1. Straight distance only, please: which lysines reach the Cα of Lys395 with their own Cα at less than 19 Å, same-chain residues fewer than 8 apart left out?
2. For Ala471 and Ala274, what is the calculated FRET efficiency with R₀ set at 35 Å and r taken between the beta-carbons, to the nearest 0.05?
3. Order 312-319, 507-514, 581-588 from most to least packed using the mean count of other Cβ atoms within 10 Å.
4. Separation between the Ala195 and Thr597 pseudo-spin-labels, each 7 Å from Cα along Cα→Cβ, expressed in nm?
5. Between the alpha-carbon centers of region 509-566 and region 406-423, tell me the distance in whole angstrom.
6. Please report the net charge: other residues with Cβ closer than 9 Å to the Cβ of Ile263, K and R +1, D and E -1.
7. Mind ordering 443-449, 457-463 by average Cβ neighbours within 10 Å, highest first?
8. Rg (Å, one decimal) plus Dmax (Å, integer) for the alpha carbons of region 473-602?
Amino acid sequence: MSLPLPDPLPLSPPRSRAGRRARLGVIAAVLALLAGLFTAADRADAAETLLSQGKPATASSVESSSYAASYAVDGDTTSTRWASAEGHDPEWIAVDLGRTYSISRVKLSWEAAYAAAYQVQTSADGANWTTIHTTTQGDGGVDDRTGLSGSGRYVRVLGTARGTSYGYSLYEVQVYGDAGASPSPSPSVTPTGGAVDYQAEDATLSQASTATNHTGYTGTGFVDYAAVTGGYVEWTVAAGAGGTATLSFRYANGTTADRPLDIAVNGAVVARPAFPSTGSWNTWATVNVVAALPAGSVKVRATAANTVDGPNLDKLTVTPGGTASPSPSPSASPSPGAGAFTVVAAGDIAAQCTASSGSCAHPKTAAQVQAINPEFVVTMGDNQYDDGTINDYRKYYDTTWGKFKDRTRPTAGNHESYDPAGFEAGYKSYFGAIAFPNGRSWYSFDRGNWHFIALDSNIFDQTAQINWLKADLAATTKGCVAAYWHHPLFSSGEHGNDPVSRPVWQILYDAGADLVLNGHDHHYERFGPQNPAGKADPNGLVELLGGMGGADPYKIENVQPNSQFRLSGTYGVVKLTFTDSTFSWQLVGTDGKVKDTSPTYACH
């Protein structure tokens, strides 16, 4: 910063003392002005603080759970990111700063899917927005918008025009402002009548059931979690106006030291509080979690976070605002990679039939996907019969499994290769960048400590895919690896073992991968750990064959040496549970009953 100084004084005879005082006064005033300006600038710079990192974030949509809104405020500006659903405008991501701040700067680090036009907005209540910056000339990269003038508790980036054919994706949203400003009162949730009770037995349950064999509960019963990781109770809460609320979970835990739960709001985990012993199953206590709830209908989910199961839950009470009770207090929110998550998998899915036919199976398997409500869905090829044409995808697959398209991570099968319009033409047209994120039919992605690899076994003879696989495995830093494709190396069904997959198995085995998922044969089968030669090996890969998504079943014909369990003639889906160091699964039939449960395996 520089300001013009007065012209140099001309050489002249000495002036009177009063004249010198006057000129010195002018110079002093200028110097004082300069000092004030520099001091003010220093104060402004010093007051600008990063406010958004680690704060709750929500979005209008997500491409999948691997690209949740929380990843845009985790401090990682090059790896993790938020990505919206593809091909849709407008989309937004919003950050709850916890209280009202003066906002002076917003820095956006775009992934390749950037916004050509967007607005930066602020809000006091998460419902009414004021635009503080607008551009229609976005070109991606890093946008550092300084000199902003606004205030609010919530800051939103609203994309109004995509710069690519995909969606919107941000590595990081960084909001800066004056952290020293006096806080404004934060709005709180205002459910009708103040605190509102939601009974657990009236909620949506997964791997849990209503029980009445203990006393002291309210309502008509309580919820007893099954002894598996990933069971949950989910309430739909009417939040009214958005803001903070205290979520009070009434529970009993007998003498067990702790059965933690992951508490999520609209799919984003906000806390993992401890649920300590209550001394008796007939003695009830309360754990409180304070969370920001957006206005309107909100999903609050409590998921069992370890392999013991969850506590008995009686009810959820939602109270406007508030502070968590001092005992027991919730622990800090886990990092994005911590905790368990659930995936549903199946192959050989949509026959050319609809729900109007009672024998049509894919509407029934889709209903189980919906009931399980996984973080994402994996398909192991032959998604659409008979030839995977775009018309058949739209007529059959899209009406059932298409409900989960935005969180599906598919692979192609041989029936996708039969399309008269061209090799995998309908598959590519239907899934688009979901299945071809880098312009290829193979890709990888991460969730927690897991690295997932989707491969195209129709073209295992192409060196480009094999070379990519080797490089991808060499680059990952994750501790656990799962890969999936269509043609199984080992199968006891009608197709039998397919040697086309052996070179890929060898690469995965050499890299210490853990799990392989396949389809092709229309039955369910699980194998013990084995090496590519089919020999039992504790350091080998575990294979799961899940070709019972809806196509006509095949017979078991030649049982393979390491096959541990087989089932034919039963339609269903596989519910996989992953933690940072283990994996296990259950086969869930179209009647909702568990048909098989795997061992729990540790990652290599």
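The values are calculated or read from the model by the stated rules, or taken from the named source; none is laboratory data. Please read these numbers as outputs of a predicted model, since none were measured by experiment. Counting neighbours? That spans all protein chains shown, and the Cβs are built from the backbone with ideal geometry, glycine included. Just so you know, the surface numbers come from the protein's heavy atoms only, side chains and all, with ligands and any DNA or RNA stripped out. Shrake-Rupley method; radii C 1.70, N 1.55, O 1.52, S 1.80 Å.
1. The reachable lysines, counting only those whose Cα sits under 19 Å from Lys395, are Lys364, Lys403, Lys405, Lys428.
2. For Ala471 and Ala274, the calculated efficiency is 0.25.
3. Numbers: 312-319: 22.8, 507-514: 18.5, 581-588: 20.2.
Listed from highest to lowest mean packing, they are 312-319, 581-588, 507-514.
4. 3.6 nm
5. Spelled out, the Cα-based centre of one part sits 22 Å from the other.
6. On the way: positive: Arg272, Arg301; negative: Asp262.
Local charge sum for Ile263: +1.
7. Details: 443-449: 19.1, 457-463: 16.7.
The peptides rank, most packed first, as 443-449, 457-463.
8. 14.1, 42
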